[in-house]
Amino acid sequence: MFPGLSVVGVFILLPLFMSLFNSFFSWNQLIRTGFVGFDNFKRLLFAFPYRERFFNALGNNVTWFVMTMLIQNSIGLLFGYLMSRSIVGFQAFKRIFFIPVLFSIIAVGFLWGLYLKPSGLLNSFLNLIGLENLRHAWLGEERLATFSIVFVNIWRWVGFPSLVFLAAIHTVPQECLEAAYLDGVGEWKLFWKIIFPLIIPSITIITVLTVIGSLNVFEQIYTMTGLDGSPNYATDTIGTLFYRTAFGSVDSGSPEIGIGSAIGVVIYFLTFGISLLSIYFTRKKEVQL
Amino acid sequence: MITDFKFKGASIPKKIFIICMFMVMFSYVILIVYPLFNMFLSSFKSNREILTTPFSLPSTFDFTNYRTVWIDKGFNQYFLNSLIVTVTAMAFVLLFGSMGAYGVARYAYKASTLVYMLFLSGIMLPLKAAIIPLFLIIKNLNLINTRLSVILIFMAMGLPSTVFILSGFMKAIPLELEYAARIDGCNDFQIYQRIVMPMTASAVALVTIYNAVPSGMISFSLWYFFNRTHLKPYL
């Protein structure tokens, strides 16, 4: 097991700790200069250009999380439930819903980037059905850009929560459902009072994965609106902000590894903290059979 | 089963409910399939044709676009790079990962929990935070712009989940089988090779699919380590 552990150690665990270490130093390009304590964090959270960009990006990440939870996971739950009840053609649905998950994010991003252009497929479709006034520059308007990208991401991912929920509902003992059914419970109650409480563990898993996923959004933005989160930083997320500061490829010109590491550490603690919180809150709702 | 949504013999409201839900799921299927189908159609069209008639079938099925991408734009080289990187990395991930998982699942020693936790932390920690030091390490090892760097990173990304999944499966193998093999004179490696690995074959297949589908993090890191175009993998 040592070959494996050494590779993981050198390329994952060591960088993680070095990242924490680096965030306490000031950097000149790629050379570490002096120990500055929490100065990088202070600049990130309070100094002028970083503060605005950081909280703007964090806000977008929150939008991502809320939209994904509300839309993607509830659609996933609905589809998973319907498939578990063997609705007509569920075997085919199960397979088709999972197709987009197997595509790489980059491919999906470029594909939908083309479709959402002002002259792209979506606008042509709206023309075709006579809804010209609904046409938009989907990725070019500040108000819409984030939502467009979130919807593309939801389009890609719905199959995943539905399969997880399907598997979870299958582990609910059939006798419980049959007993409730024979007692004459309605569909609505059957779902909310019996199935839902019993699949809370898988809801925890999906919630934690959603937290991690929406704090780490990067490729979707990169492929669809570019690294600087255009228009006017409306689609900027912590991931793209991190890339820009750490590698200095777009606006500042020179890489600022100190600030970049600080953002990395903040992502790390946010992910960890929010995951723990969501585990804690959903754990309280779990029931034992 | 009694709780299945069966159309036959259901009450009228339930029939309507089933039809509505079926329509919802069916429209989602169209939403998934149509963009992909349109992408396929568009691959045979010229730019002008895509803009003027986005929904129609292509007038002729000509393969110029494929030729442009595959030969003129060097996609064959990218594809080869991806293939080399993925196959090499997967071979090592499966070898080291299954050995590591066997060690975690079956051998009791002082640090075994620690080793397991170290592997697990590779899944649970957000790796984006580690990308700068990773870049510096790769730079200090003089591996920038080499395939080896990506192979090593791919291995490191794939190993934690491999160990996690495989050790779960290996714990479920009955110990008696291993005792029997040992009585028949197998040494440790032979038990691993002849008893454990054949019994976890399905899990190995699962892990291979799970890791070979390019995950987000891997493509993320690939953007950094390739500046020279002829080494770029397709993403």
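Observations on the model:
- Those residues of region B:95-128 which are touching a helix residue (DSSP H, G or I) at 6+ places or on another chain (Cβ under 6 Å), modelled with pLDDT of 80 or more and closer than 16 Å to B:Val207 by Cβ, in sequence order: B:Phe96, B:Gly97, B:Ser98, B:Gly100, B:Ala101, B:Tyr102, B:Val104, B:Ala105, B:Phe119
- Of the residues making up region B:1-17, those that are hydrophobic (A, V, I, L, M, F, W, C) and facing chain A (nearest Cβ under 7 Å) number 4.
- Among the residues of region B:178-235, not one is assigned to a loop (DSSP other than H, G, I, E, B), of a type in the set (Phe, Trp, Tyr) and modelled with pLDDT of 85 or more.
- Flag: A:Leu276 matches the condition of being modelled with pLDDT of 80 or more, within 20 Å of the chain's Cα centre (by Cα), more than 19 Å from A:Asn60 (Cβ to Cβ) and not in a loop (DSSP other than H, G, I, E, B).
- Residues of region A:35-51 satisfying the condition of being part of a loop (DSSP other than H, G, I, E, B) and under 18 Å from A:Ser19 (Cβ atoms): A:Val36, A:Gly37, A:Phe38
- Subset of region A:27-48 that is away from chain B (no Cβ under 14 Å), of a type outside the set (Asp, Glu) and surrounded by 15 or more Cβ atoms within 10 Å (Cβ to Cβ) - its residue that is nearest to the chain's Cα centre (by Cα): A:Arg43
- Looking across B:Phe5, B:Phe61, B:Phe79, one residue alone is among the aromatic types (Phe, Trp, Tyr), over 26 Å from A:Phe97 (Cα atoms) and in a loop (DSSP other than H, G, I, E, B). It is B:Phe61.
- Count of region B:32-56 residues, restricted to those that are more than 10 Å from every other protein chain (Cβ to nearest Cβ) and of a type in the set (A, V, I, L, M), is 1.
- Among residues of region A:81-96 that are farther than 18 Å from A:Phe160 by Cβ, those with a beta-carbon under 6 Å from a residue that is modelled with pLDDT of 85 or more and not in a loop (DSSP other than H, G, I, E, B) at least six positions away or on a different chain give the pairs A:Val88/B:Phe22.
- Each residue in region B:63-118 was checked for being over 20 Å from the mean Cα position of the chain (by Cα) and aliphatic (A, V, I, L, M), and 10 pass.
- Helices (runs of 4 or more DSSP H) enclosed by region A:115-192 - at least 3 residues per element that are more than 12 Å from chain B (Cβ to nearest Cβ) and surrounded by 11 or more Cβ atoms within 10 Å (Cβ to Cβ): A:142-157, A:159-171
- Residues in region B:129-149 that are more than 11 Å from chain A (Cβ to nearest Cβ) and either over 22 Å from the mean Cα position of the chain (by Cα) or among the β-branched types (Val, Ile, Thr) (or both): 4 in all.
- In this structure, B:Arg106 does satisfy being touching an Asp or Glu at 6+ places or on another chain (Cβ under 9 Å) and either charged (D, E, K, R) or surrounded by fewer than 16 Cβ atoms within 10 Å (Cβ to Cβ) (or both).
- Only a single item in (1) at pLDDT below 80; (2) more than 8 Å from every other protein chain (Cβ to nearest Cβ); (3) surrounded by 12 or more Cβ atoms within 10 Å (Cβ to Cβ) is not met by B:Thr88, and it is number (1).
The values are calculated or read from the model by the stated rules, or taken from the named source; none is laboratory data. This structure is a prediction, so every number in the text was calculated from the model and none was measured. Virtual Cβ from ideal backbone geometry, glycine too; neighbours counted across all protein chains shown.
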